[in-house]
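The values are calculated or read from the model by the stated rules, or taken from the named source; none is laboratory data. Note that the structure is a prediction, hence the values are computed from the model and not measured. Virtual Cβ from ideal backbone geometry, glycine too; neighbours counted across all protein chains shown. Only protein heavy atoms, including side chains, enter the accessible area calculation; ligands, DNA and RNA are left aside. Shrake-Rupley method; radii C 1.70, N 1.55, O 1.52, S 1.80 Å.
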Amino acid sequence: MEHEFDGAVVVGAGPSGAKTAEKLSENNIKTLVIEEDNSVGNPVQCAGIVSTRTIEESELKKDNYIQNRVRGAKIHSPNGESIEISRPETQAYIIDRSQFDRKLIESAVQSGANLKLGWRAVNWNGKTLEISTPKNNTKTKKIKPKVVVGADGVKSTIRRSINLPRPQKYLSGAQLTITGTEIEKPDFVEIFLGQKTAPGFFAWSIPTDRKTTRIGLCIDPEMAKKPATEYLKNLIKNHPKLKKHKDKELEWNYGAIPIGYPSKLYDKKTLLVGDAAGQVKPTTGGGVYTGMVCGKTAAKTINRYLDGETQLKEYDTNWRKKLGRELKIGMSLHKTLCSLSDKELDKLIKKLDNPKLIKTIENYGDMDYPSKVAIEILKTKPSLIKYFGVFTTKLLGDLL
Ligand SMILES: Cc1cc2nc3c(=O)[nH]c(=O)nc-3n(C[C@H](O)[C@H](O)[C@H](O)COP(=O)(O)OP(=O)(O)OC[C@H]3O[C@@H](n4cnc5c(N)ncnc54)[C@H](O)[C@@H]3O)c2cc1C
């Protein structure tokens with residue numbers, strides 16, 4: 001039996017789905033959120049570092065989901081040299097993603113969204129959405145909604161069901177939280193570069209308090225010789241900055257990050273947002289900020305679509321106006337920076353270790369919009385262009 005549903009179904013209760021659902025409900029659109037897990041926020045697949053702007057975008061009160069505040073980063077080159085970049089004030093929050101996601105969905109429910117936990121979207125053919133209880137597919141339902149939003153993360157059943165194109169690349173990540181050793185600078189994150197450390201991306205250490213840190217990395221599977229977990233074990237064992245940690249292991253996390261958004265993120269009655277849409281920053285792998293911005297944009301278009309004022313295609317134009325250029329430049333930067341050899345990375349860090357360039361990075365660095373600092377670095381030292389890639393040739397004429 002098929003049930004007509006005079007509203008929107010949002011598949012997935014992560015940050016992208018929760019923000020979409022909240023904004024739809026605020027506009028009095030009937031909104032059903034389907035989440036396959038029995039609770040929101042688990043398992044965590046995140047290092048939990050977000051910009052201060054992300055917290056503003058979330059519209060949540062700052063409370064106990066914030067575990068730490070950081071104001072700088074130490075970046076280690078493969079040969080052990082490092083540079084330090086900082087500002088006096090908080091640059092990023094370290095959050096408990098589980099709690100953060102729960103608060104976001106609570107806001108959506110308070111705005112009127114109906115949340116159904118333990119239901120999985122199995123198929124969407126553009127007219128009928130089939131959902132089932134995940135463990136045993138015996139209990140199934142068919143719904144005919146006005147719109148479906150695929151906010152169902154990196155594996156997106158909705159994207160695959162209606163054959164929308166996939167993101168360009170999937171990075172593979174692993175993370176271990178350890179506790180015990182006093183951390184030298186708990187208000188700094190550390191970044192570790194190198195093709196032997198994390199081929200095709202980078203590794204991190206992100207303190208959540210004075211003694212606890214999340215050590216993790218992502219790799220590009222096409223450049224790697226073994227799984228992400230093996231690289232991580234190797235890093236923790238051998239890196240001089242980390243091997244002193246004879247700490248207790250608290251938690252392992254794993255996950256994939258989609259980068260390089262596809263050419264089309266809509267269909268007649270479908271929109272994709274967040275990881276499902278590859279709306280992730282290719283330079284850092286961060287997707288919480290971009291997912292929420294795009295969720296809000298999707299809700300605005302759906303509102304106008306249901307009033308007969310526009311087609312869903314409008315979403316693709318509008319989200320690109322906000323983030324498309326940034327994510328494109330980010331992908332270009334990713335392709336160049338993440339394929340530099342260890343020797344080239346050593347040289348780059350050595351060249352950046354110059355007071356004028358460090359000041360430039362401190363003045364213009366922006367986690368959500370890294371193209372700004374890339375452009376300013378090139379204005380300060382144009383010879384670094386070989387480390388930054390092809391995007392610059394298009395922009396240089398206008399900007400340098
Ligand atoms: C190792 C790692 C570290 C990261 N670190 C950071 C970081 O520090 N900062 C940052 O900003 N980003 C980080 N990210 C990326 C970030 O976690 C994601 O971009 C973000 O979670 C995307 O939110 P989303 O709502 O689009 O998807 P998700 O958070 O993945 O939510 C999707 C939801 O959909 C549900 N779902 C999936 N399929 C179905 C289905 N068929 N039916 C019903 N429900 C379904 C899932 O259970 C899930 O709840 C990291 C990712 C990884 C892997």
Please find the FRET efficiency linking GLU251 to LYS139, where r is the Cβ-Cβ separation and R0 is fixed at 35 Å, and quote it to the nearest 0.05. 0.65
Say we join alpha carbon atoms closer than 10 Å with springs in a Gaussian network model of the chain; which of THR179, THR229, THR380 then has the biggest fluctuation? THR380
Rounded to the nearest 0.05, what FRET efficiency do ASN28 and GLU89 have when you use their Cβ-Cβ distance and R0 = 60 Å? 0.95
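For the chain, what is the mean residue ellipticity at 222 nm derived from helices alone (per DSSP H run of n ≥ 4: -39500 (n - 2.57); sum divided by total residues; nearest 500 deg cm²/dmol)?
On the way: 13 runs with 132 residues, N = 400.
About -9500 deg cm²/dmol.
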Using a basic spin-label model with each label point 7 Å from the Cα along Cα→Cβ, how many nm lie between LYS381 and LYS356? 1.0 nm
Checking a compactness column here: for the chain, what do you get for Rg(Cα) / (2.2 N^0.38 Å), N being the number of residues? 1.00
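Rolling a 1.4 Å sphere over the protein heavy atoms, what is the accessible area per residue of the chain, to the nearest Å²?
Dividing the accessible area of the chain by its residue count gives 46 Å².
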Taking θ = phi - 60°, what integer Hz values does the Karplus form 6.51 cos²θ - 1.76 cosθ + 1.60 yield along region 19-25, in sequence order, with x for Gly and Pro? 5, 4, 4, 4, 5, 4, 5
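Which pairs break 30 Å Cα to Cα here: LYS155/LYS196; LYS62/LYS296; LYS103/LYS269; LYS19/LYS351; LYS62/LYS351; LYS226/LYS347? Please report the intermediate quantities before stating the final value.
Working: LYS155/LYS196 28 Å; LYS62/LYS296 20 Å; LYS103/LYS269 28 Å; LYS19/LYS351 42 Å; LYS62/LYS351 38 Å; LYS226/LYS347 26 Å.
Listed pairs above 30 Å: LYS19/LYS351; LYS62/LYS351.
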Name the residue farthest towards the positive end of the dipole of the chain from the options GLY286, VAL10, GLN195, assuming +1 on Cβ of Lys and Arg, -1 on Cβ of Asp and Glu, about the Cα centre. GLN195
Tell me which residues come under 5 Å, amide H to amide H, from ASP37 once H is placed; ignore anything under 5 positions away on its chain. GLY118
Rg(Cα) of region 163-211 divided by 2.2 N^0.38 Å? 1.58
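Given the pairs LYS23/LYS61; LYS74/LYS225; LYS127/LYS328; LYS268/LYS300, which span a C-alpha to C-alpha distance of over 23 angstrom in this model?
Numbers: LYS23/LYS61 17 Å; LYS74/LYS225 27 Å; LYS127/LYS328 32 Å; LYS268/LYS300 16 Å.
Where the Cα-Cα span goes over 23 Å, the pairs concerned are LYS74/LYS225; LYS127/LYS328.
Viscosity 0.890 mPa s, temperature 25 °C: Stokes-Einstein D of region 301-344 from its Kirkwood Cα radius, in µm² per second?
On the way: Rh = 12.8 Å.
Translational diffusion coefficient: 192 µm²/s.
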Hey, any idea what % of the chain's accessible area is carbon plus sulfur with a 1.4 Å probe? 48 percent
Please tell me the relative contact order of region 94-235 in percent, rounded to the nearest whole number, where contacts are Cα pairs under 8 Å and at least six residues apart. 17 percent
Separation between the ASN64 and LYS196 pseudo-spin-labels, each 7 Å from Cα along Cα→Cβ, expressed in nm? 4.5 nm
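Given 0.36 nm per residue, what is the gain on full extension from LYS372 to ASP6 after removing their alpha carbon distance, in nm? Before the final figure, lay out each step's value.
Details: separation 366, 0.36 × 366 = 131.76 nm, distance 4.34 nm.
Additional length available on full extension: 127.4 nm.
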Round to the nearest 0.05 the FRET efficiency obtained for LYS185 and LYS322 when R0 = 41 Å and r is the Cβ-Cβ distance. 0.75
What spacing in nm lies between the two simple spin-label points modelled at GLN311 and SER39, each 7 Å away from Cα in the Cβ direction? 4.5 nm
